[in-house]
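Read the structure below first, then the notes.
The values are calculated or read from the model by the stated rules, or taken from the named source; none is laboratory data. These figures come from a predicted structure and were not determined experimentally. Just the protein is used for accessible areas: all its heavy atoms, side chains included, with ligands, DNA and RNA removed. Shrake-Rupley method; radii C 1.70, N 1.55, O 1.52, S 1.80 Å.
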Amino acid sequence: MQDLLKYKHYLIMIGILVLAKFVWVPLWDTKEQNWQQQASTQQNLNKTLALLSLKDEMAKKQRQMANSLQLTESKFADTTDVTSYKLTAQSELESLFKHNQLVISSSNWRDGIANDDIQTLLLDIRFTGELKAYLQFLQQLKAKPELSNVSLESNQLTIRGQTKHKLGSVNGQISLKLAVKLLTEEAA
């Protein structure tokens, strides 16, 4: 015991170091982990509250998207027979070309993507005429309610004879996209 008293100051220091190593450091680490976990939980809670505050706005956006989708789908032509629809649409488009004095040299149908009950059709048309007449054709195409499902997919135009007083003539190839809603016989 006498030998230990001689090292009393060292033993106290060793005791303090052992206490710090095996008690205080683990307690500090646990406390730090708890702080980090609490901060993470608080951050998640704040995000959740922010999302909940956007609930009404998200519902409003969802209603707007549904209305927009319904409006877009209402512009699609309804048909039970795609071939019959192609003939009718082509006839209307050809009469619009003829009305604007544009001469069609060829036309070709391509079936596009079919998604559920919506079918995309593409009509490639080669034509010649005046550029002014082609621009009028595009305006009339947008204005015709029976052709509201038709959009210009692509156009390749060769324009000749332009002057500052005349737009010139055009030799072009356009692709028109038509969206069709396929109906079953029972739905029609």
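Roughly to the nearest percent, how much of the accessible area of region 1-58 is carbon and sulfur, given a 1.4 Å probe?
Accessible surface attributable to carbon and sulfur in region 1-58 totals 66 percent.
Could you work out which residue, out of V170, V23, V82, moves most in a Gaussian network model of the chain, that is, has the largest mean-square fluctuation with Cα springs under 10 Å?
Greatest mean-square fluctuation among the candidates belongs to V23.
Tell me, what ³J(HN,Hα) does each residue in region 108-123 have, in order and in whole Hz, if you take phi through Karplus 6.51 cos²θ - 1.76 cosθ + 1.60 with θ = phi - 60° and put x for Gly and Pro?
So the J values, rounded to whole Hz, are 8, 8, 10, 7, x, 6, 10, 10, 6, 9, 9, 10, 9, 10, 10, 10.
Below 8 Å between Cα atoms, with a sequence gap of 6+, how large is the relative contact order for region 61-188 in percent?
31 percent
Just to be sure I understand: of the beta bridges DSSP finds with both ends in the chain, what percent are antiparallel, rounded to 5?
Taking every DSSP beta bridge within the chain, about 90 percent pair in antiparallel fashion.
Under 5 Å between amide H atoms, partner at least 5 residues away or on a different chain: which partners does D78 have, H built in plane at 1.01 Å?
Sorted by chain and number, the residues that satisfy this are K181.
Please compute the per residue accessible area over the chain with all protein chains in place, 1.4 Å probe, rounded to a whole number of Å².
76 Å²
In degrees between 0 and 90, to the nearest 10, how far off the longest principal axis of the chain does helix 55-74 point, with axes built from Cα atoms?
20 degrees
Semi-axes, largest first, in whole Å: what does sqrt of 5 times each Cα gyration tensor eigenvalue give for the chain?
79, 24, 16
Over 18 Å between Cα atoms, which of K98/K142; K86/K132; K86/K181; K132/K164 qualify?
Exceeds cut-off: K86/K132.
Taking H placed 1.01 Å from N in the peptide plane, check which residues at least 5 places from I118 or on another chain put their amide H under 5 Å from its amide H.
L182
Under a GNM of the chain (C-alpha, springs under 10 Å), which listed residue has the highest mean-square fluctuation: Q38, Q156, Q136?
Q38
Carbon and sulfur atoms: what percent of the 1.4 Å accessible area of region 127-188 do they account for?
Roughly 49 percent, rounded to a whole number.
With no solvent and one point on each alpha carbon, what is the Debye value of log10 I(q)/I(0) for region 27-104 at q = 0.23, 0.25 Å⁻¹?
Here log10 of I(q) over I(0) equals -1.03, -1.07.
Can you tell me the 0 to 90 degree angle between the C-alpha axis of helix 82-99 and the longest principal axis of the chain, rounded to 10?
So the helix axis and the longest Cα principal axis differ by about 60 degrees.
By a straight-distance test (C-alpha under 24 Å), which lysines pair with K55 as possible cross-link partners, with residues fewer than eight away in the same chain excluded?
Result set, ordered by chain and number: K47.
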